[in-house]
Every structure is written in structure tokens, then in C-alpha cells.
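Reviewing the structure listed below.
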Amino acid sequence: MKRFKLAVVLAGVFAAIAVTGASGASFKVDNGPCPEPPGGGALLRCPTGHVGAPYSLQLQGEEGCDTYWFEIPNGALPAGLSMSRSGLVTGVPTGAGTARFWVWIHDLTAAEGGPSWCAYDDQSEREFSIPIDPGLAIVNDSVKPATVGQSYSETLAAKQVESLNPPAGPDVQATWSVQSGALPPGLTLSPEGALAGAPTVEGSYQFVVRAQNGGQSATATYTLVVRQPVVVKSQFGSLKPPRAEVRIRLLTAATATGGTGTYAWSISSGALPVGVALDATNGTISGSPQKAGRFGFDVSAADGEGRDATVSAVLTVAPTLTIKTLHLTAAKLGRAYQAKLVTAGGVQPVSWTLRGRLPFGVRFAKRVGALVGTPRRMGTFRVTVEARDALGAKSQKTLVLLVKS
């Protein structure tokens with residue numbers, strides 16, 4: 001029975017200890033993150049932040065129950081920052097200026113998960129300020145792609161950012177350097193921010209640049225892609241013979257290599273014949289020319305990253321194939337005879353066929369389109385000849401060969 005009474009007495013002692021506690025929670029000022037200004041004062045000044053730069057600050061307390069939670073009852077943090085219940089201020093400031101706000105520090109009681117001996121919340125409050133100065137930002141979101149063996153130039157720029165929504169502020173000079181990674185071989189970054197040279201090796205290169213302006217700095221990560229140059233080839237050359245004919249269907253294509261992705265095609269100068277067009281999606285040149293002549297034009301192809309190339313071309317359109325021979329000279333019986341048929345227009349070579357009956361002793365030379373031989377029979381002989389050119393165009397003519405005595 002005595003033992004039970006003693007247990008009750010001891011329990012009462014511990015309860016008394018929990019109730020009385022130590023002095024109330026307060027902010028850590030000496031050696032804390034936000035000291036009092038020189039000469040003292042109620043306002044606590046926290047470290048300066050910069051627009052666009054990540055900010056982190058942990059408020060600290062002392063005395064009380066040694067475990068605390070924080071809240072802001074009055075005023076507001078700088079735009080872009082927030083404070084957790086544990087007093088951690090984080091975020092990215094979005095505007096310059098000085099924010100003033102009040103913070104309550106509370107003891108975290110046993111009922112709230114604090115020490116078992118902490119029964120009461122003895123809070124206190126102080127006014128804080130966080131100054132936000134203009135920050136340094138790199139203006140370039142990305143760098144343009146490059147081409148092997150071709151001159152490259154990109155200028156990096158920095159801005160003193162006074163606000164982020166939208167980003168605003170004057171341009172400033174900075175000293176530039178490559179903090180990590182590697183530039184493509186053949187390119188260099190000057191201290192003034194000029195990325196220049198002529199890349200020598202194809203590939204994808206990632207690097208981090210650093211801009212320094214006084215005590216402020218900013219970094220940016222870039223990926224610079226280097227590819228082979230675009231090369232365009234055409235089926236039409238200035239010295240090539242005609243490969244097109246009036247009213248004969250034409251179908252050919254310019255080709256491209258290098259670069260990346262699909263190509264966008266265009267006629268950058270000159271013009272195609274009426275009736276012929278370029279397909280901008282695949283470089284196909286097709287149609288039926290309506291007029292003979294020599295047509296000069298430039299074909300250009302551009303890849304998905306802005307590389308382009310141009311080739312000059314000449315398309316010579318021949319007139320329509322026509323048999324010009326209107327009649328055959330008369331032949332004499334027993335004498336050597338030759339009559340060569342003549343064409344105009346068309347695309348060489350021309351092949352020949354003949355229908356009908358020739359006099360005995362005379363034959364038709366298909367390769368050259370000529371009647372040759374020595375006629376052995378008199379009479380009138382009607383034949384139909386047909387010329388066919390390299391593009392399949394045809395022309396027919398009915399002729400009469402008279403053999404006299």
C-alpha cells in the first residue's frame with residue numbers, strides 16, 4: 001500500500017515539471033541567420049536574395065522546448081518565396097525590393113509531437129526583412145545548331161533581371177566561361193560571350209556556361225548539335241542534252257544529303273517551264289511542259305534545323321517530235337536510190353518503223369531512217385513511217401515512192 005502512494009507522489013512531481021517548463025521560445029538572434037542591424041533594433045535583417053536565383057533560409061529558435069513551429073501572421077514574404085511550418089524559407093524571388101513581415105515562433109508541445117515534457121506553447125514574435133536585389137540572368141534559351149566545316153557565330157547575352165513576370169531589366173556586360181562539359185571541336189567561347197569558329201566533328205555536345213558580373217553569376221546548360229552540310233543534286237545540268245519535250249510528261253527529282261529530318265524544297269531563283277512544278281515536300285519536278293526552250297533555275301533544300309543548300313539547274317525542253325519529210329524523190333529502175341527521212345524536235349535518239357510494201361531491191365534502214373537500195377520493179381509504193389524518240393514521243397507520215405523506168 002505504501003509503494004502505491006509513492007508512485008502517485010512521483011507522478012505528481014513529473015506532472016509539475018511538465019507544467020512549469022523553461023522560459024518561452026524565442027528567435028535565435030546572436031549567430032542566427034537574421035541578425036539585428038548594427039546598433040540594435042527590433043527589425044531582423046535576413047540575407048539578401050537575388051531575382052531569379054534560388055533562395056533558402058532556415059529560421060532558428062532558442063530556449064522554450066527546443067522544438068518549434070513558425071507562422072507569418074502579418075506582412076508577406078518576397079514574391080516567389082514561401083515558408084514551411086518548420087521555418088524553412090525557400091523559392092525563387094520574382095521581383096526586386098525589400099519585404100517586411102512578422103513571424104511567430106511557437107513551442108512544439110507534446111500534444112503536437114514535441115518533447116513529452118513540453119506542455120504549453122510559449123510563443124514570441126519578431127519582425128523580419130528580406131531584401132531582394134536584381135539578379136543576373138542569361139538571355140539565350142538555346143544555341144543554334146552548327147554545320148561541319150561552316151562558319152558559326154552565336155553571341156551570348158546577360159541581363160540584370162528586376163522582375164521575372166515577365167523577365168525585365170537592362171542588358172549588362174558579363175565575363176563568360178565554360179564551367180563544365182565541352183564545346184564542339186573547332187568552336188571557342190570568348191570572355192565577351194562570342195561562341196564562334198568552324199566545327200570539325202559531327203555530334204551532339206552539352207556544356208554549361210557561366211556569366212559573371214561583379215559578385216553575381218548565372219549559369220545555363222546548352223546542347224549544340226553539329227551535323228553534315230546539306231548537299232543538293234539536280235538531274236539537270238547546263239551541258240546536258242534536252243531531257244524534256246513539249247506535252248510529254250516529265251517526272252524527275254532533285255536529291256539532298258546531310259543535315260537532319262525532312263527537307264523543304266523551293267525554286268529560289270529562275271522559273272520552271274509552264275506546266276511543270278516542284279513538289280516542296282520531296283523535291284519532285286513533274287508536269288508536261290507547254291513551251292520549248294532553255295529554262296534556268298536554282299533548286300534549294302532546307303533541313304529541319306535551318307541548314308540549306310542550292311544547286312543551279314537548266315532544263316532544256318525540246319519541241320514536239322515531227323517528221324519533216326513531206327514526199328520522197330522518185331527512183332529509177334535499176335539505179336541506186338537513197339532517201340533519208342528528216343525529223344525536227346524530239347529527244348535523241350530516234351528510232352524508226354515502216355509499214356507497207358517497198359519495191360523489190362529497196363529496204364528501210366531503221367537505225368538511220370533511210371530508204372536505200374536499187375529498185376528492180378516499177379510502180380507506185382505507199383508506205384507509212386513512224387519516228388519514236390527517247391521520251392516515247394511518236395510522229396507518223398504516209399509517203400509515196402514512185403519508181404520510173
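Throughout, read-outs are computed from the coordinates displayed, never taken from laboratory work. No experiment lies behind these values; they were computed from the predicted model shown. Cβ sites come from the backbone with ideal geometry, for glycine too, and all protein chains shown count toward neighbours.
What to note about this one:
- Looking at the range 194-302, the strands (runs of 3 or more DSSP E) lying wholly inside it that each contain 1 or more residues that are within 30 Å of GLY346 (Cβ to Cβ) and hydroxyl-bearing (Ser, Thr, Tyr) sit at 250-253, 255-257, 264-270, 284-287.
- In the range 145-169, the residues that are out of contact with any Phe, Trp or Tyr (no Cβ under 9 Å at 6 or more places or on another chain) and in a strand (DSSP E or B): THR147, TYR152, SER153, GLU154, THR155, LYS159, GLN160, VAL161, SER163, LEU164, PRO167, ALA168
- Within the range 191-204, the set of residues being surrounded by fewer than 19 Cβ atoms within 10 Å (Cβ to Cβ) and either in contact (Cβ under 8 Å) with a residue 24 or more places away in the chain or in contact with a Cys (Cβ under 6 Å, 6 or more places away or on another chain) (or both) comprises ALA194, ALA196, GLY197, ALA198, THR200, VAL201, GLU202.
- Output for the range 374-403, where each listed residue is part of a strand (DSSP E or B) and crowded, with 19+ Cβ neighbours inside 10 Å: PHE381, VAL385, ALA387, SER395, LEU399, LEU401, VAL403
- The criterion of at least 1 residues that are within 30 Å of THR260 (Cβ to Cβ) and β-branched (Val, Ile, Thr) is met, among strands (runs of 3 or more DSSP E) falling completely within the range 305-359, by 308-318.
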